[in-house]
Structure formats: C-alpha cells, structure tokens
1. Hey, could you get me the Stokes-Einstein D for the range 78-118, Kirkwood radius over alpha-carbon pairs, 4 °C and 1.567 mPa s, rounded to whole µm² s⁻¹?
2. Between rounded, prolate and oblate, where does the range 5-51 land on the alpha carbon gyration tensor, with a ≥ b ≥ c its root eigenvalues, rounded for a/c under 1.5, else prolate if a/b exceeds b/c?
3. About the Cα centre of the range 22-87, how large is the charge dipole given +1 on each Lys and Arg Cβ and -1 on each Asp and Glu Cβ? Please answer in debye to the nearest 20.
4. In whole percent, how big is the carbon plus sulfur part of the accessible area of the chain, probe 1.4 Å, protein atoms only?
5. Give me the 1.4 Å probe accessible area per residue for the range 1-129, excluding ligands and nucleic acids, in Å².
6. Give me the dipole magnitude in Debye, nearest 20, for the range 66-130 about the Cα centre, with unit charges on the beta carbon: positive for Lys and Arg, negative for Asp and Glu.
7. All other residues with a Cβ under 12 Å from the Cβ of Tyr76 taken together, and with Lys, Arg as +1 and Asp, Glu as -1, what is their net charge?
8. Between Ser52 and Arg102, what is the FRET efficiency for a Förster distance of 22 Å, r being their Cβ-Cβ separation, to the nearest 0.05?
Amino acid sequence: MKYYAVIDTNVLVSAMLKWDSVPGNVLELVYSGIIIPLFNAHIIKEYKEVLSRPKFHFTQDIINEAVGEIEQLGIYVDADKLDVELPDPKDLVFYEVVMEERKSEDAYLVTGNIKHFPGKPFVVTPRQMIDIILGDIEK
C-alpha cells in the first residue's frame, strides 16, 4: 500500500539529525517508496533554507541528496490558496498541498507541531503515521 503525505520541515530536520528516531522511520518509509511525499516549490525552498542553517551542520551535498530524493520520489502538487488562518502563516503551504491532494487521494500531513494545524484526522504526528501504516499491515 502507498501513503501520500506532506512532510513538515520539522519532521525532515528531526529525521536528519537523528536517523534512529520516529521521524527517521518516517523518512525511511519515504525513501523505500511506502510514503509518497507531496510538495511544491515553496516546500522544497523551505526544506533547503532550514536545512542550510548553520546550527544543523549539514553539508550542501547532504541537503541536496535528501531534498533531491524527496523530489525524485514524490509528487509535485500545484495547490490552490486557502483562506485559513494558522498560528504560523509559513505553515499554510503545507496545509494547502495536503488539502489539494485530498481532492483525489487519501493524504496526510505529518508534523511534529500538530497544534499549528486544524485538528483534522489527516494531520498526524510521525508516530501516528507509523501507527496508521502498521495498522494497515496487520489487517
């Protein structure tokens, strides 16, 4: 089974900082093709900008490889603008992409900041995403 998901930047950063973690497991599922990442140009730009912050100590090669894999394995989604207020306006693009994809596919938004988004069953933490996948496997 394939799962479509927008991966919030905080999940990507957490995974890259500590691969042996729940966010790391989510990224492994992306790289193995079980989770199909959803993105647009704004999300890719944010990934690169945040991962390039000096405090993370990622080389440009590592950043390019990680983001390049997401682009190669994922689906570009041209999302409509939504009139939704979120605590952090920069998070809106992630919500717009998941809402656009949900018009045709069951899709999730995987975030470590669940309170930054509307309380919807498709807005999930990395642990919840893993649990959804494991639950389907056990069926």
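The values are calculated or read from the model by the stated rules, or taken from the named source; none is laboratory data. None of the values given here were measured: they were computed from a predicted structure. Heads up, the Cβs are rebuilt from the backbone with ideal geometry, glycines too, and the neighbour counts pull from every protein chain shown. Heads up: the accessible areas ignore ligands, DNA and RNA and are worked out on the full protein's heavy atoms, side chains in. Shrake-Rupley method; radii C 1.70, N 1.55, O 1.52, S 1.80 Å.
1. It comes out at roughly 122 µm²/s.
2. Numbers: a/c = 2.60, a/b = 1.23, b/c = 2.11.
Oblate, since a/c reaches 1.5 and b/c is not below a/b.
3. Numbers: 5 positive and 11 negative charges, 49 e Å.
Charge dipole, the range 22-87, about its Cα centre: 240 debye, nearest 20.
4. Its accessible area is 52 percent carbon and sulfur atoms.
5. I get 54 Å² per residue for this part.
6. Once rounded to the nearest 20, the dipole reads 340 debye.
7. Computed value for this residue: -4.
8. 0.15
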